[in-house]
Amino acid sequence: MGRKGLAVVAIGGNSLIKDPQHQTVPDQFATACETAWHIAGMIEEGWDVVITHGNGPQVGFILLRSELARHVLHPVPLDSCGADTQGAIGYMLQQCLYNAFLKKGMKKQAVTVVTQVVVDRNDPAFQNPTKPIGPFMSKEEALKRKEEEGWDVMEDAGRGWRRVVPSPYPLEIVELDAIKSLVDQGFVVIAVGGGGIPVIRLDDGSLKGVEAVIDKDLASSLLAVGIKADLFLISTAVEKVALNYKKPNQVWLDRMTLEEAKRYYDEGHFPPGSMGPKIKAIISYLEQGGKEAIITSPENITRALRGETGTHIVP
Ligand code: ADP
Ligand code: MG
């Protein structure tokens, strides 16, 4: 394997969409290529890399299109939204990496694996859907869709009503062996996009897609453990993790141990839906033999790997 080791690099929403004014596909390409350039630099320095990514806004766009066209065309089920976005975002990253390798004179190839992730059909999340998806609706519309389509709906932070779906815990990556083989053969692999396509296993062992969303950080952690990655790097919109984030007594962290991470998590420094799942994912990775995790922003990946910035979490 590579000289530096094997890394899972999980890229967040800011690696595809910078702000609401830059959401088009060409905008997403430009943004994705910036992150891909930094990842190519990491590969140039000797890392083997598997990339995972989020897909929240992109699934939102597909659902909105599907909604607007629903008197003309069939709706797109959520598992298909996952597959569609893994393909489209995977293509974007493959092309960005191709061009980055070309420019750097590197002989490398990136490939995307459409990835299914098994969840427990008895996961308590199915009894308590909490993840808002798709467009906002009026209360009347929301209740009508609940009645007609069996949707779970909820008011989202005073901004309107939305459909909510379960966010079950990822248990098993169906295509893990394929991912491992590709890594062993020197490919840069893009996998478990959007947390993976959620599937359940039926009594006869067969798989079936479900209307749910898996957290991409937790799925990335499962992947990092599954391929025995030496490093789990989470790239997001902040250079470092903070205690008392956005409060007057905020402190940026250069380093924390697993025990400290757990304590700070319990003390409520990392909210659900943003930093919380990242820290949870890292705790799970380190508890299962992971050696090091880093949280930083895309433009700081190279410096963070040199130990100059980012938050480093160690056992
Ligand atoms: P991603 O799309 O990368 O998953 P999220 O928005 O889900 O990004 O989570 C990252 C965000 O979490 C940061 O950009 C920051 O605004 C927020 N955040 C919340 N708590 C903290 C914290 N303690 N330290 C740093 N950032 C935090
Ligand atoms: Mg997130």
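Taken together, the values in this text are just the output of simple stated rules run on the coordinates, not laboratory data. What you see is a predicted model, and the numbers here were worked out from it, not measured in a lab. Ideal geometry is used to build each Cβ from the backbone, glycine not excepted, and the neighbour counts take in all protein chains shown.
Looking at the chain from every direction and averaging, what is the projected area of its Cα convex hull in nm²?
Projected over every direction and averaged, the Cα hull of the chain covers 17.4 nm².
Would you work out the relative contact order for the chain, in percent, from Cα pairs under 8 angstrom that are 6 or more residues apart?
Rounded, it is 21 percent for the chain.
With charges only on Cβ, +1 for K and R and -1 for D and E, what is the dipole size of region 161-307 about its Cα centre, in debye, rounded to 20?
Numbers: 18 positive and 19 negative charges, 111 e Å.
Magnitude of the dipole: close to 540 debye.
Hey, in the chain, which Cys have no second cysteine's beta-carbon closer than 4.7 Å?
Lacking a cysteine Cβ partner under 4.7 Å: CYS81.
Please figure out what share of the DSSP beta bridges in the chain is antiparallel and state it in percent, rounded to the nearest 5. Mind showing how you got there, number by number?
On the way: 19 of 47 bridges.
For the chain, the DSSP antiparallel bridge percentage is about 40.
Check every DSSP H run in the chain and write down those whose alpha carbon atoms cover 20 angstrom or more along the long axis and whose mean Kyte-Doolittle hydropathy is 0.0 or greater.
25-44, 78-104
Antiparallel DSSP bridges in region 205-296: what percent, to the nearest 5?
Among the beta bridges of region 205-296, antiparallel pairing accounts for roughly 40 percent.
Kindly give the semi-axes, whole Å and largest first, of the ellipsoid equivalent to region 1-155, taking each as the square root of 5 times a Cα gyration tensor eigenvalue.
Its equivalent ellipsoid spans semi-axes of 36, 18, 13 Å.
If R₀ is 41 angstrom, what is the calculated FRET efficiency for the pair ALA157 and TYR98, using the beta carbon separation as r and rounding to 0.05?
Details: r = 40 Å, r/R0 = 0.98.
Using R0 = 41 Å, I get an efficiency of 0.55.
Go through 275-287, 147-159, 22-34, 109-121 and give me the packing order, highest mean Cβ count within 10 Å leading.
275-287, 109-121, 22-34, 147-159
Just subtract the alpha-carbon distance of GLN185 and GLU67 from 0.36 nm times their residue separation and send over the number in nm, one decimal.
Length difference between fully extended and current span is 38.3 nm.
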